[in-house]
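Here is the structure we will look at.
No value in this document is a laboratory result; all are computed from the given coordinates. Note that this is a predicted model, so its numbers are computed, not measured. Don't worry about glycine lacking a Cβ; one is built from the backbone with ideal geometry, like all the others, and counts go over all protein chains shown.
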Amino acid sequence: MPAMAVAGPGGGSVDGGKLTGQVLVCSIIAAFGGLMFGYDIGISGGVTSMDDFLLKFFPGVYVRKHRAKQNNYCKFNDQYLQLFTSSLYLAAIVASLVASFICKKLGRRLTMQAASIFFLIGAIINAAARDLAMLIVGRLLLGAGVGFGNQAVPLFISEIAPANYRGGLNICFQLLITVGILIANVINYGTSRLHPNGWRVSLGGAAIPAIALLIGSLTIVETPTSLIERGKLDEGLRALKKIRGTDNVDTEYEEILHATEMAKKVDSPFKSLMKRSSRPQLICGTIIQIFQQFTGINVIMFYAPVLFQTMGFGSNASLLSAVVTGLINVVSTLVAIFTVDRCGRKILLVEAAIQMLVAQCTMGITLAIHLKSTNEIPSGYAIFVVFLVSFFVAGFAWSWGPLGWLIPSEIYPLETRSAGFFFAVSMNMLCTFLIAQVFLTMLCTMRSATFFFFSAWIVVMGCFAAFMLPETKGIPIDEMNERAWRKHWFWKRYFEGEDDNQKVGF
Ligand code: BGC
């Protein structure tokens, strides 16, 4: 059974518990994995808009970019340039599957260490790259790091967190993703002035969060759940006492033991996931990640500088605008941390869908009217587009961003939680890959209509959040079936009848 869920039996099911210094420090160290992930998301867009980088690896794009009569929307359309960005996610899908087994057999800590080593080697190869092949090999290694890290880190944090802090600590992982993106944007802004090797500094900078995670993960404890799951009962008990800061951990210890025993009885969680009664969680948990990516967020994260240059901004103004949107991303994620347990998930998702819809449509209309094939957008409108992008990013950051990870982690019962979360992670990577690979081509062929394409998705996901998603705020994760799914007007039918739990298949 792959063990890659966000919420494990440890922190997941025990009420109460203090937030000790140990838990906080271990969570922050682990969340460096988010920093690694975020750094990568943010760095590629800026680097691919730097002339020195284009000249060296993508001379065709460089020439097109500077050709006066070149179609605005197609300046950057190049399959290899897109492959540079997207190859990482392809590697991450494969790596996350491998990591899920390593995570279970050898522990979360070791998986994190492996992630940081992959990441470190990838960063070094990228910084030293002499040709496209080296660049892609580096990206693939970074992808392996992201796959390993994203599998182990959220699981690690959730397993050590006391239940009543799990949501907040979970969103801290997302917060560090956004911090990583911001740092990358700032670094790109600085290195774009270092000719001709600034891009090497940007790509090599990925080594810093990797080293931090490597050193940090040598010092933190393994999760009690992982130790107990692997039969190391005494060690597990010691680790539990250490992270809880007390010897009084009997109830939680018993609960972890019980949960791991129950989980062992399920011979195949993937088979269990095919039961009729697992269908609501599987559909919602997976589709939310598809929706997260089809908001179009990574168009902004990967290609904002390229997009701003498409509108006629200079290289510096484009990178600076990316810094502004990166900052908004971080601050708005804080909003999610403070509102998600008060206002609930659904209201955030629906409100943000409306906000993102307005932003995408207005962006599409503005570009359709003001950005023709070969002109520059009037400067007032260009600033308006930066505002729209920021408005869009803010909405995403307090809703579909963090909740895309949180919801799949809290809607499954323990026996299918790991396997179910695997679908969420891999769907995220797959959709990220698709968007990274096709966006520049879409922009070239569909032009401003690209933004209406994403708008249509946003309408669908807003309706889905409003009508199909149960509210999970404040419900202990082990009571989710009873209190959320069985009460939902649509999904309750999947729980009707005694035999439903036995039925397999769709
Ligand atoms: C998404 C990433 C995205 C990031 C932006 C994450 O939740 O999974 O694809 O780039 O948020 O902050």
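Elements of the type helices (runs of 4 or more DSSP H) sitting completely within the range 339-446 and holding at least 1 residues that are within 18 Å of G167 (Cβ to Cβ) and in contact with a Gly (Cβ under 6 Å, 6 or more places away or on another chain): these cover 345-370, 400-410, 414-446.
Taking I136 as the residue in question, decide whether it is away from the ligand (no atom under 13 Å from the Cβ) and under 30 Å from G245 (Cα atoms).
no
State whether the residues of the range 60-72 include one that is of a type outside the set (F, W, Y), within 24 Å of the chain's Cα centre (by Cα) and assigned to a helix (DSSP H, G or I).
Within the range 60-72, not a single residue is of a type outside the set (F, W, Y), within 24 Å of the chain's Cα centre (by Cα) and assigned to a helix (DSSP H, G or I).
Looking at the range 189-227 only, could you name the residues that are of a type in the set (S, T, N, Q) and in a loop (DSSP other than H, G, I, E, B)?
Just the residues of the range 189-227 that are of a type in the set (S, T, N, Q), to begin with: 191-192, 197, 202, 217, 219, 223, 225-226.
Passing the criteria: S192, N197, T223.
Against the conditions (1) in a helix (DSSP H, G or I); (2) surrounded by fewer than 24 Cβ atoms within 10 Å (Cβ to Cβ), A304 satisfies every one except (2). Screening the range 234-243 for residues that are over 21 Å from K264 (Cα atoms) and touching an Asp or Glu at 6+ places or on another chain (Cβ under 7 Å) and picking the one that is surrounded by the most Cβ atoms within 10 Å (Cβ to Cβ) gives A239. The set of residues in the range 387-402 being buried (at least 24 other Cβ atoms within 10 Å of the Cβ) and more than 9 Å from the ligand (Cβ to nearest atom) consists of F392, G395, W398, S399. The single condition from (1) part of a helix (DSSP H, G or I); (2) surrounded by fewer than 23 Cβ atoms within 10 Å (Cβ to Cβ) that G231 fails is (1).
Among all residues of the range 440-456, there is none that is of a type outside the set (F, W, Y), within 16 Å of the ligand (Cβ to nearest atom) and more than 22 Å from W491 (Cβ to Cβ).
Restrict the check to the range 169-184 and report whether at least one residue is more than 16 Å from the ligand (Cβ to nearest atom) and either in contact with a Phe, Trp or Tyr (Cβ under 9 Å, 6 or more places away or on another chain) or in a helix (DSSP H, G or I) (or both). Scanning the range 169-184, I find no residue that is more than 16 Å from the ligand (Cβ to nearest atom) and either in contact with a Phe, Trp or Tyr (Cβ under 9 Å, 6 or more places away or on another chain) or in a helix (DSSP H, G or I) (or both), so the answer is no. When Y253 is tested against (1) hydroxyl-bearing (S, T, Y); (2) farther than 30 Å from G395 by Cα; (3) touching a Ser or Thr at 6+ places or on another chain (Cβ under 8 Å), just one condition goes unmet, and that condition is (3).
When the range 259-299 is filtered for residues that are within 16 Å of the ligand (Cβ to nearest atom) and out of contact with any helix residue (DSSP H, G or I) (no Cβ under 6 Å at 6 or more places or on another chain), only I287 remains.
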